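Below is one structure, written out as structure tokens, with a few remarks after it.
A short reminder: the numbers here are calculations on the coordinates, not readings from a lab. Predicted model, so just to flag it, every value in this text is computed and none were measured. Here the Cβ positions follow ideal geometry from the backbone for every residue, glycine too, while neighbour counts run over all protein chains shown.
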Amino acid sequence: MSDANPASARYASIVVEAKTGRILHSVNAETKNYPASLTKIMTLFMTFEALKKGTLKLKQKLPVSRVAEGRSPSKLGLRRGQTITVENAIKALVTKSANDVATVLSEAIGGTERKFARLMTKRARALGMKDTTFKNASGLPNRSQFSTARDMAILARALLYGHPKMYRHFSREKFTYKGRTYRSHNRLMSRYEGMDGIKTGYIRASGFNLVASARRNGKRVIAVVFGGKTSKSRDRRVASLLDNGFAALQTVVVSSGNPLNLPASAVRAKFKSVGKVKPAKVARRTSKRPPAVLPASGRIRSWAIQVGAYNRYAPAHLAVTRAARAVPSLLGNKFQIVRQRSKVRRGLQIYKARLLVPSESKARNSCRALKRRKIDCMVIWMGPQS
């Protein structure tokens, strides 16, 4: 089976504020990739809608077909002629990610899995998932089945706010069926504070995928990653993205200035008490070298490039200087050092180094240029501030 726009397996990620849908970070977010078992998020979404409409009942027993029995692992091992309740089917999908169960649900709702996939795609378009096409209910390999990080973030928000009572199933860590206990594939959920879903996915062509949702201090952030090299590296990346997402929503600017104008004594003074170093004194420098970046003042620009997070103030200054020198188009840009309490170690402060830019396109182009020079970075939407 061929497709004019086949998925291209590569890394992609996005972080959004759940309440508003505001994008806080994205890399290749509209690149088409194979969703793998992230497909089951839509299968469950369609199941929740059927329950809300009354066309399915939680205690309803669904028959297992020959097609469902023949599905490849991961599976419960259901046999033709057996039944499974809708409630157990939901639990099996969120924990075991059972492909045979996905087919059972698809046949119950759509008649056949192929017809159900068409319904999934139609519903996806209605939600705004413009780059997603479903071909089955499980995410098993199909060259014409693809989605994007952006579309999966849209689906996650629709799930959270369209079916809040059913969303609780995604925090389930285990499921017992016929005397056997199955543990969730979403191992990060038990380790990351505030995370309560949503779904992992993997096939060889896609790499390791994850849609994650976490809530802290009244804020909820959604992170999506496609194309992780291993499950562990994917989980580390998602945890980092969630941390940065919360930081973007709960940041306090503690200082801004020109690192090339700031001698070590002034850095120490600012570290101890922000505001004691007056701008006029900072401007007095023995070197005639032009500054790499300028102090932030007045209206803060909406987009920023974060070039590092440190446990001390001085290295954060050095990071913005290094980044500005590495990419000439950033020379003269303003910067901020943002302080945030560590979520890992009590009492530890983290200082995030950010270069401010006037537009999203410049932020993304500059970040790509920095990465080519082996400088890690991420694009952040700061929001209008004054």
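Worth a mention:
- Cβ-Cβ distance of GLN82 and SER144, R₀ of 25 Å, FRET efficiency by 1/(1 + (r/R0)^6): the value works out to about 0.25.
- Within the straight-line cut-off of under 14 Å between alpha carbons, the aspartates and glutamates reachable from LYS32 are ASP3, ASP131, ASP151, sequence neighbours fewer than 8 places apart in one chain being disregarded.
- Residue by residue, the stretch 355-370 carries 3J(HN,Hα) couplings of 9, 8, 10, x, 8, 5, 4, 5, 4, 5, 5, 5, 5, 4, 5, 5 Hz when phi is fed to the Karplus relation 6.51 cos²θ - 1.76 cosθ + 1.60 (θ = phi - 60°); x denotes Gly or Pro.
- Residues with amide H under 5 Å from that of LYS19, placed H, sequence gap 5 or more: ARG220
- Taking θ as phi - 60° and the Karplus parameters 6.51, -1.76 and 1.60, the scalar couplings of the stretch 240-245 work out to 5, 5, 5, 4, 5, x Hz in sequence order, x denoting glycine and proline.
- Using θ = phi - 60° and Karplus 6.51 cos²θ - 1.76 cosθ + 1.60, couplings along the stretch 74-80 (whole Hz; Gly, Pro as x): 6, 7, 7, x, 5, 10, 4
- Applying 1/(1 + (r/R0)^6) with r as the Cβ-Cβ distance of ARG204 and ARG183 and R0 = 25 angstrom yields a FRET efficiency of 0.65.
- Here the label points at ARG114 and SER233, each 7 Å from Cα along the C-beta direction, are separated by 3.9 nm in the simple model.
- In this structure, the amide hydrogen of GLN60, modeled 1.01 Å from its nitrogen in the peptide plane, lies closer than 5 angstrom to those of VAL86, GLU87, counting only residues at least 5 positions away or on a different chain.
- Coil-residue trypsin sites (Lys or Arg not before Pro) of the stretch 149-179, DSSP, other Cβ within 10 Å capped at 12: LYS178
- Listed residue pairs exceeding 30 Å between alpha carbons, taken from LYS91/LYS115; LYS135/LYS165; LYS19/LYS352; LYS91/LYS352: LYS91/LYS352
- Here's how it looks for PHE146: its modeled amide H is under 5 Å from those of THR133, which are all 5 or more places away or on a different chain.
- Sparsely packed trypsin sites (Lys or Arg not before Pro) within the stretch 1-106, loop by DSSP, other Cβ within 10 Å at most 15: ARG10, LYS19, ARG22, LYS57, LYS59, ARG79, ARG80
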